[in-house]
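Readers should treat all values here as calculations from the given coordinates under stated rules, not as data from a laboratory. For clarity, every value in this text was computed on a predicted model and none was experimentally measured. Note: ideal-geometry Cβ built from the backbone for every residue, glycine included; neighbour counts use all protein chains shown.
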Amino acid sequence: MKEDTQGAGNPASDLIDCRCQPRFKLEVQITIHSKSCGLVKGQTVDLSESGISAIVALELPVSELVELDFTLPFGRVMMYAVTRQRNAFRYGFQFAESNFTEEIIRPTCRVLAMQQYVSGNI
């Protein structure tokens, strides 16, 4: 969930969406704790080992460190992330805590990969 810009041409065509890990569909409620916006509710779209995307009705600042609160198949997760990108109401958050990624996010991605593979969604 990171973006890379190159060159000085058309900004829309220069925006490259570099996805280092596969994304898996995950639709759960999420609460974003933002210092600048307070509590913001949303709905996740997908999850990868490095981040999560969500649809949010309020505008959040890009590059802000936020706390995310959402539920995975293994239980409730509260972790820090950085708001990395915005496209209309869809935001990309990059996880900032590697221990949560190792212990919770990576195993969840494996489970989601198997479920989506079996159901034919990959």
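Can you tell me how much longer the chain between GLN21 and ARG110 gets when fully stretched, taken as 0.36 nm per residue apart minus their C-alpha distance, in nm with one decimal? Provide the component values of the computation, followed by the final result.
Numbers: separation 89, 0.36 × 89 = 32.04 nm, distance 1.16 nm.
Extra length available between GLN21 and ARG110 comes to 30.9 nm.
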### Query
Looking at the P(r) of the stretch 58-99, how many percent of alpha-carbon pairs lie beyond 11 Å?
65 percent
### Query
So which chymotrypsin sites (Phe, Trp or Tyr not before Pro) in the stretch 25-117 are both in a DSSP loop and have at most 15 other Cβ atoms within 10 Å of their Cβ?
PHE74, PHE89
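Based on a Kirkwood Rh over C-alpha pairs, give the Stokes-Einstein translational diffusion coefficient of the stretch 23-118 at 25 °C and viscosity 0.890 mPa s in µm²/s.
D = 186 µm²/s.
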### Message
Using the crude model of +1 on Lys and Arg Cβ and -1 on Asp and Glu Cβ, and no other charge, please compute the dipole size for the stretch 23-118 relative to its Cα centre, in debye to 20.
### Response
220 debye
